[in-house]
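Worksheet: the structure to be examined is printed underneath.
The values are calculated or read from the model by the stated rules, or taken from the named source; none is laboratory data. Note that this is a predicted model, so its numbers are computed, not measured. Ideal geometry is used to build each Cβ from the backbone, glycine not excepted, and the neighbour counts take in all protein chains shown. Areas reflect the complete protein model, heavy atoms only, side chains present, ligands, DNA and RNA absent. Shrake-Rupley method; radii C 1.70, N 1.55, O 1.52, S 1.80 Å.
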Amino acid sequence: MKVILKKGLRTSLPTLVVFAAKDSKSGKPITEKISAELEQLFKMAHSDANFSGEKRETVFYRRANVDGYTHVLLVGLGDSKNLTSEAVRIAGSVVYGALKAHKITGAALHGDSLMSLREEADSIQALTEGLELAAYEFTDLKSKRAKEKPKGKGKGKKDKRAAEAPTLQQVTMAFGGSPKKEWSEALRKAEILTDCTNFVRWLGDNPGNFMTPSRLAQEAVQAAKGVAGLKVTVWNKARIKKERFGGLLSVASGSAEEPRFIIMEYKGGGKSPPVCFVGKGLTFDTGGISIKPSAAMEEMKYDMCGGAAVIGTLVALARLKAKVNAVGLVVASENMPGPAALKPGDVFFARNGKSVEVFNTDAEGRLILADALSYASELKPKAIFDAATLTGAILIALGNTHTGIFTRSDEVMQRIQKASDVTGELVWRMPLTDFHTEDIKGTHADLCNISGGRNAGSSTAAAFLEEFVAPGIPWAHFDIAGTAWNTSSRFPYNPRKSATGVMVRTFVELAENYR
Ligand code: BES
Ligand code: ZN
Ligand code: ZN
């Protein structure tokens, strides 16, 4: 999709999109800086279609012939007293959906109607994000389209499906006056963030037989090609062995696919220590010998979404030329019950020397993350953030709305909350205490990979991870098992039955502010 900002409200496009907020007292739409004819249209929409300016509301007037436009789409932003960037992001996705439903491929957006209701530059960013996020669709593997290149891939490639699908291709945000410089910057930022988020979704939606550990690593290398300041190193199995990644090797031992360790380094912050992101890149989780039940097991292709988010974050930071040093570490493996697989009761030594007995091979994410967190600690970073589809228990606790955050640091939590408030990716702090650490002590080894009881499974998992973070390094664990896919019922800009690309935007926001 091509989005541009333009001076002057007239364009050659046939369709105009106009925004209104809702006056909670009168229940009527509030509009600003629009022509008398458009005002009239809103009045009509209110009386004929009960349009109030509420979130997700639209009315489409075909052949309205107003202000030089043939068709007009009216869109609600929601309560005028609560016009958050998330409300605008949602409106962006609603615009996309409505125009698609009417088979409209190009439209002008009445920029003044939006900016007069919510003046911040981030309105431009949020609107573009909503449009671009809503446009994502995973169609690569439908036989008709299989030969065409995927959209995005984190590097702004053109969508080659344009001719086939009658979707929105061109959006002109038109303003009465000249668009401000910060608005173009906001637009560019939104384009990079959404391009990288859509790339992460694409990595996630690819099935396990395509998106193997080696392929995931190749995609990281490919995405970083030509991006200034971004370096990617990939370790193969021999190197992983040499580096004593006992957890990663143990989990990978049941699979015919070799593991990979992906290191992405971005330098934009001079000599200061990096912010480190660590991701679980489990390309398919069968559970291993502690095999999972068949129901919904296919969803375990998404068990690499934390790793994908880290790849997307590093590409985004580099493309944004963020003034920060960042390192992304992705541990990639399959979890399979092959002949050499890890068995319940087996003990291995992790990179930091701690011994771990494995009572359940399905609690594998923490085993591979253990080595990556140890390695991250050795880099002496400013902070470590990990993202992982770690536990089913977080879904029970938080559902598919909030990502669970585990950290002992109030200061780190404040930073995360602040970033989340900006991006709209919801987070919720969960307990991580000495009680949970107590629960993962081993019998014949230092640690056990599961706790004795079934309760507080997400917290004991976090306590396990903490054992591999060097003391004193600020660290937070993001359990994205509930938010990494299938959240469209909550967030209209997320695709149905697809990966969400969650945490890219929040991680970028976090890193940019980590000075
Ligand atoms: N990848 C799963 C967690 C998961 C489950 C994510 C369902 C999303 C939906 C993880 O590797 C796992 O299997 N965890 C176990 C841990 C248990 C054995 C302690 C779980 O949550 O059941
Ligand atoms: Zn598992
Ligand atoms: Zn898993």
Filter pass, Gly338 being among the small types (Gly, Ala, Ser), within 30 Å of Ala445 (Cα to Cα) and free of Cβ contacts under 8 Å to residues at least 12 places away in the same chain: no
Residue match in the stretch 451-458 (condition: within 29 Å of Ala350 (Cα to Cα), under 18 Å from the mean Cα position of the chain (by Cα) and modelled with pLDDT of 95 or more): no
Wholly enclosed strands (runs of 3 or more DSSP E) of the stretch 400-489 bearing at least 1 residues within 16 Å of ligand 2 (Cβ to nearest atom): 475-479
Members of the stretch 292-304 found to be outside any loop (DSSP other than H, G, I, E, B) and either near ligand 2 (Cβ under 10 Å from one of its atoms) or among the basic types (Lys, Arg) (or both), listed by number: Met300, Lys301, Asp303
Pick from the stretch 257-291, criterion assigned to a strand (DSSP E or B) and within 11 Å of ligand 3 (Cβ to nearest atom), ranking: farthest from Thr212 (Cα to Cα): Lys280
Cβ pairs under 9 Å, 6+ apart, first in the stretch 88-114 and under 19 Å from Ile30 (Cβ atoms) and open to solvent by 10 Å² or more (accessible area, probe 1.4 Å), second of a type in the set (Phe, Trp, Tyr) and in a strand (DSSP E or B): Asp112/Phe175
Residue list for the stretch 239-264, filter: open to solvent by 50 Å² or more (accessible area, probe 1.4 Å) and either aromatic (Phe, Trp, Tyr) or over 15 Å from Ser333 (Cβ atoms) (or both): Lys242, Arg244
Cβ-Cβ under 7 Å pairs, at least 6 apart or on other chains, the stretch 1-29 side farther than 19 Å from Val88 by Cα, far side among the charged types (D, E, K, R): Leu9/Asp67
In the stretch 347-366, residue surrounded by the most Cβ atoms within 10 Å (Cβ to Cβ) [restricted to those that are part of a strand (DSSP E or B) and within 16 Å of ligand 1 (Cβ to nearest atom)]: Val356
Of residues in the stretch 213-226 being out of contact with any strand residue (DSSP E or B) (no Cβ under 7 Å at 6 or more places or on another chain) and open to solvent by 20 Å² or more (accessible area, probe 1.4 Å), the one modelled with the lowest pLDDT: Gly226
Verdict on Phe507 being under 19 Å from Asp303 (Cβ atoms), part of a strand (DSSP E or B) and in contact (Cβ under 8 Å) with a residue 40 or more places away in the chain: no
Selection from the stretch 382-395 of residues that are away from ligand 3 (no atom under 16 Å from the Cβ) and either under 15 Å from Pro431 (Cβ atoms) or in a loop (DSSP other than H, G, I, E, B) (or both): Lys382
Restricting the stretch 47-56 to residues that are in contact with a strand residue (DSSP E or B) (Cβ under 6 Å, 6 or more places away or on another chain) and modelled with pLDDT of 95 or more, the residue that is most open to solvent (accessible area, probe 1.4 Å): Lys55
Restricting the stretch 276-294 to residues that are more than 11 Å from ligand 1 (Cβ to nearest atom) and out of contact with any Pro (no Cβ under 6 Å at 6 or more places or on another chain), the residue that is most open to solvent (accessible area, probe 1.4 Å): Ser294
Filter result (in contact (Cβ under 8 Å) with a residue 24 or more places away in the chain, of a type outside the set (A, V, I, L, M) and open to solvent by 40 Å² or more (accessible area, probe 1.4 Å)) within the stretch 441-466: Thr443, His444, Asp446, Glu466
Failed condition for Glu219, given (1) assigned to a loop (DSSP other than H, G, I, E, B); (2) within 18 Å of the chain's Cα centre (by Cα): (1)
Which listed residue is within 16 Å of ligand 1 (Cβ to nearest atom) and among the polar types (S, T, N, Q), from Ser420, Ser451: Ser451
Residues (within 19 Å of Lys33 (Cβ to Cβ) and either outside any loop (DSSP other than H, G, I, E, B) or of a type in the set (D, E, K, R) (or both)) located in the stretch 62-80: Val66, Asp67, Tyr69, Val72, Leu73, Leu74, Val75, Gly76, Leu77, Gly78, Ser80
Top-ranked residue in the stretch 387-401 [being more than 15 Å from Glu364 (Cα to Cα) and in contact (Cβ under 8 Å) with a residue 40 or more places away in the chain; ranked as least open to solvent (accessible area, probe 1.4 Å)]: Ile394
